[in-house]
1. Give the number of residues within the stretch 118-146 that are within 22 Å of residue 66 (Cβ to Cβ) and outside any loop (DSSP other than H, G, I, E, B).
2. From the set of residues in the stretch 137-179 that are farther than 21 Å from residue 123 by Cβ and of a type in the set (A, V, I, L, M), which is most open to solvent (accessible area, probe 1.4 Å)?
3. Identify the single condition in (1) surrounded by 15 or more Cβ atoms within 10 Å (Cβ to Cβ); (2) closer than 25 Å to residue 191 by Cβ; (3) at pLDDT 95 or above; (4) not hydroxyl-bearing (Ser, Thr, Tyr) that residue 209 does not satisfy, given that it satisfies every other one.
4. Look at the stretch 44-79 and say how many of its residues are within 15 Å of residue 12 (Cα to Cα) and under 15 Å from the mean Cα position of the chain (by Cα).
5. Between a first residue in the stretch 212-240 that is closer than 27 Å to residue 34 by Cβ and modelled with pLDDT under 85 and a second residue that is in a helix (DSSP H, G or I) and of a type outside the set (S, T, N, Q), which pairs have beta carbons less than 7 Å apart while being 6 or more apart in sequence or on different chains?
6. Considering only the stretch 229-245, how many residues are closer than 18 Å to residue 263 by Cα and hydrophobic (A, V, I, L, M, F, W, C)?
7. Is it the case that residue 203 is closer than 30 Å to residue 108 by Cα and of a type in the set (S, T, N, Q)?
8. Six or more apart or on different chains, Cβ atoms under 8 Å: show the pairs whose first residue is in the stretch 155-175 and without any contact (Cβ under 8 Å) to a residue 12 or more places away in the chain and whose second is surrounded by fewer than 22 Cβ atoms within 10 Å (Cβ to Cβ).
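The values are calculated or read from the model by the stated rules, or taken from the named source; none is laboratory data. Because the structure is predicted, anything quoted here is derived from the model rather than measured. Neighbour counts run over all protein chains shown; Cβ positions are idealised from the backbone, glycine included. Just the protein is used for accessible areas: all its heavy atoms, side chains included, with ligands, DNA and RNA removed. Shrake-Rupley method; radii C 1.70, N 1.55, O 1.52, S 1.80 Å.
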Amino acid sequence: MASRRALHFVYKIGDRKATAKFYRDVLGMKVLRHEEFDEGCKASCNGPYDGKWSKTMIGYGAEDNHFVCELTYNYGVSQYEMGNDFLGMHIDSQEAVERAKKNDWPVKDEGDHSVLEAPGGYKFIINHKPQPADKDPVQQVVLASSNLEKSVEYWKDLAGMTVYSKTDKSATLGYCETQAKLVLQDIGGEVNHAKAFGRIAFSAPGGDLPGIEQKMKDANQTIITPYISLDTPGKATVQVVILADPDGHEICFVGDEGFRQLSAVDPKGDELLNEAMEKDKSDEWFAKKGGKAAA
């Protein structure tokens, strides 16, 4: 499955300005592209919301060879209830810890790593290693599992991942040695996605998508969104299949060819995000109405 690759994790964000500060000034990521939408995504990329929303791709380098973060912002929603499904993103970057302290961002030191919390509650585990310039600093995304054996069976046998290591409590999987890995951690109980649930995305050759969908059908697994084409105004159209693993973690497989076109770095991405935040007057409107809504 070397032709498949890990792409990004989708986070719902409520406070766009504070979140942008965290990712840019603390983690040290760069805005790769930013898009505004008047209607909800046909594949519910922004969650179960029909109104105006935005998508910001942010990371340490181009999406062709970096695992990045997709920040989805629904206008008018200030916060989302966190569950226990997302357990953290691991990043090699001692510099991020130093930037956090410089920006008076709370830092929880735990031996050889520190834990930083993004606005909204998402955790980032920062390894005390120099941030590499020749490879992606993002090492792992950790998701909760209620039954590790069942989870590994799904991701290995149906999603086609390689198991790189496994213990009684966790397993590390991926499509390639050099890519960010998926870690499944047994939490000994039910996985609760609450309202802030995210989605992990991978690319595969476009011709593989119908086969992936059929394999999941044959195994009686959950298909959230059958094979569909998604349009981004002025950019490439991509095909996707949205699935869910046994614990309900959402998984997006996207056609690689179209996605490489869609995900080209936009040099105006940072400027577009800043403009959108400047024009966003929802905070003022909701303040008059007693505050923004929580999901």
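1. Total meeting the criteria: 11.
2. In this case the residue turns out to be 163.
3. The failed condition is (2).
4. The initial filter retains those residues of the stretch 44-79 that are within 15 Å of residue 12 (Cα to Cα), namely 44-58, 68-79.
Filter again for under 15 Å from the mean Cα position of the chain (by Cα), leaving 44-47, 54-58, 68-73.
Of the residues in that region, 15 qualify.
5. Taking only residues 6 or more apart or on different chains, the pairs are 232/262; 235/262; 236/258; 236/262; 237/258.
6. From the stretch 229-245, those closer than 18 Å to residue 263 by Cα are 229-241; that's our starting set.
So of that shortlist, the ones also hydrophobic (A, V, I, L, M, F, W, C) come out as 230, 236, 238, 240-241.
Number of matching residues: 5.
7. Numbers: closer than 30 Å to residue 108 by Cα: no; of a type in the set (S, T, N, Q): yes.
In short, no.
8. 163/152; 163/156; 163/172; 163/173; 165/172
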